[in-house]
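Following: one structure in structure tokens, then a few remarks.
Since every read-out is calculated from the coordinates, none of them should be taken as a lab result. Predicted model, so just to flag it, every value in this text is computed and none were measured. In this analysis, Cβ positions are derived from the backbone assuming ideal geometry, glycine residues included, and neighbour counts consider all displayed protein chains.
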Amino acid sequence: MEFSLVKDNVADISSDSVVFLCHEGQRLPAAARKIDRALGGFLSDKVKSSDFKGAFGKTVLVDTPGDFNMKTVVLLGLGKKENFGALEAFRAANIAVARTGKISRAVCVDFSGVDREFLKVFLEGMACGAYEYGKFKSSGKRKNRIEKVSIASRKISADYFNTQATQASAISKSVAFSRDIVNDPPNILTPSVLAEHALSISEGSEHLDCKILDKEEIREMGMGGLSAVSFGSSEPPRFIHLSYTPPKKSRKKVAIVGKGITFDSGGLCLKPADSMRTMKMDMSGAAVVLGTMKAIGELAPGINVHGIVPATENMTGASAYKPDDVVTALNGKTIEIINTDAEGRVALSDALSYAVRLGVSEIVDLATLTGACIVGLGLHNAGVMGNSPNLVKSILSSASGAGEKMWELPLDVELREEIRSRVADVKNVGSRWGGAITAALFLENFVSDVPWVHIDIAGPSYMEKTSDWYQYGATGFGVRTIVNYLMER
Ligand code: BES
Ligand code: ZN
Ligand code: ZN
């Protein structure tokens, strides 16, 4: 998708569709009034008859007569200006695409009434809204035709526009990449294929390096958690380490760690069939890490970043790990396996220990870790937990700037005893209560005293429905937050 800035009056621009962004309780934008006059009041009639007042997400669509310089005029409600933020901007852009995508190659958006701070996230919304996963459709037809988006505003300078558009472009391509690899079926996207993707990302940027450990190396290194989870699968595991070095030397080092279970059957504690479906998405955290590394390889922030992914299937083969097994993680701590379906935290124990060994100053992990987090927060919020209030605060603030919903859950001290084991240092599951929190408390054992935030993305990573502002399947949730976060450090 190509972005450009136009300074002309929107009414004079030739485009397949024009979208007017209208805040509730405000007059229609001047250019819309001009078009209305040219259409003999047709637009204002439609506004009256449909009772359009600019409520968020409401739209009015007008097909113009044949000789007009735009085929379709869309009024899109943004709600009250005081309630408008990054989340609304991202969603409004997705709606704009949903309304115009089937009929337009070029869309012009009148941005005159919107603050320029929302430009980047709006452009991300346009590009993400046009995403389609069609790889396995033999017809190969795309529903969405938008190729060019022009933003009309006299208030935005060309310089500002170009920096925001460059970032939005790189970020949305990375979101699309992240969605692609989550949507890829698990027979195609195996741990070794995930590792190949990481390698090709590093080959695409002079700032990135990639190291992959194979099955033997994982075992020899002492990654007993990742090894154990992989035992039931005939697909060999991979440990992925991407590293980004900034153009100017920096002492700051951040690790982002992502759960990379390319399929979660539950292992011997087998999931029921209905819960097993969609478990190709259990590598969504890994997809955020790879997507983020791809974006920063282009955008070149000023700090060192390590992207770390333990990748494996969780299956039921003859050598599968079992309840009652005790395994030793890379940091030497022993784990009693209670439930083989709590595999993400077992694989992550090694990845977090590895990050600590790298001497990073902070760790952020993303994982589709618990159903309990979905029970608590619903599908649209990620759960955020951590040992550093400051780091939690920065992540929440980057998330709100990106228009991704995240909510903090407490790392309750009382729950710590839930995962105390009688035979090992820690067990991989607590009682029924506070499952998202006990999972995080388990992970806490492997981050030593490094400031750390855990983001449970089990809910928002994957949607089984379509709405005006998200599509069926992978969402790429997390990439935009983490890239923002790294760019702001
Ligand atoms: N991958 C699942 C969590 C999950 C569930 C992600 C639904 C997305 C949607 C994870 O490995 C898992 O199975 N967790 C168990 C933990 C339990 C055994 C303590 C769960 O949440 O039920
Ligand atoms: Zn599981
Ligand atoms: Zn899982």
For the chain, calculated [θ]222 nm from helices alone, where every DSSP H run of n ≥ 4 adds -39500 (n - 2.57): -11000 deg cm²/dmol
Please report, in cubic angstrom per residue, the volume enclosed by the convex hull of the alpha-carbon atoms of region 350-408. 95
In the chain, what % of DSSP beta bridges are antiparallel (nearest 5)? 35
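To the nearest 20 debye, what charge dipole does region 353-468 have about its Cα centre, counting +1 at the Cβ of each Lys and Arg and -1 at the Cβ of each Asp and Glu? Numbers along the way, then the final one.
Working: 9 positive and 14 negative charges, 41 e Å.
In total the dipole reaches around 200 debye.
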Which trypsin sites (Lys or Arg not before Pro) in region 229-261 pass both tests, a DSSP loop state and at most 15 other beta-carbon atoms within 10 Å? LYS248, LYS249, ARG251, LYS252
Return ASP274, ASP468 ranked ascending by Cβ neighbour count within 10 Å, so the fewest neighbours appear first. ASP274, ASP468
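Using DSSP H assignments, which helices in the chain have an axial alpha-carbon span of 24 Å or above and a mean Kyte-Doolittle hydropathy of 1.6 or higher?
none
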Hey, fewest Cβ within 10 Å first, where do TRP452, TRP469, TRP433 land in order? TRP433, TRP469, TRP452
Kirkwood-based Rg over Rh for region 47-188 (C-alpha set), two decimals? 1.00
Can you check what the Kirkwood hydrodynamic radius comes to for the chain, Cα pairs only, in Å to one decimal? 23.4
Given R₀ = 60 Å, what would the calculated FRET efficiency be for GLU220 paired with ASN9, taking r from the Cβ atoms and rounding to 0.05? 0.35
Can you list the trypsin sites (Lys or Arg not before Pro) in region 102-184 that are in a DSSP coil and have 14 or fewer other beta carbons within 10 angstrom? LYS102, ARG105, LYS135, LYS137, LYS141, ARG142, LYS143, ARG154, LYS155
Per DSSP loop assignment and a cutoff of at most 14 other beta carbons within 10 Å, the chain keeps its longest run without exposed GluC sites (Glu not before Pro) at 207-463
Its Cα gyration tensor gives region 187-240 an equivalent ellipsoid whose semi-axes in whole Å, largest first, are 23, 14, 6
From zero outward in steps of 5 Å, how is the percent of C-alpha pairs of region 9-62 spread across the bins? 4, 20, 30, 29, 13, 4
Which of the chymotrypsin sites (Phe, Trp or Tyr not before Pro) found in region 121-223 are loop residues per DSSP with 13 or fewer other Cβ atoms within 10 Å of their Cβ? PHE136
Around LEU330, which amide H atoms from residues at least 5 apart in sequence, or from another chain, sit under 5 Å from its own amide H, with H modelled in the peptide plane? GLY224, GLY225, ASP350
Order by neighbour count: LEU76, LEU226, fewest other Cβ atoms within 10 Å first, most last. LEU76, LEU226
Using the Cα atoms of region 323-430, I'd like the radius of gyration and the largest Cα-Cα distance, Dmax, both in angstrom. 15.2, 45
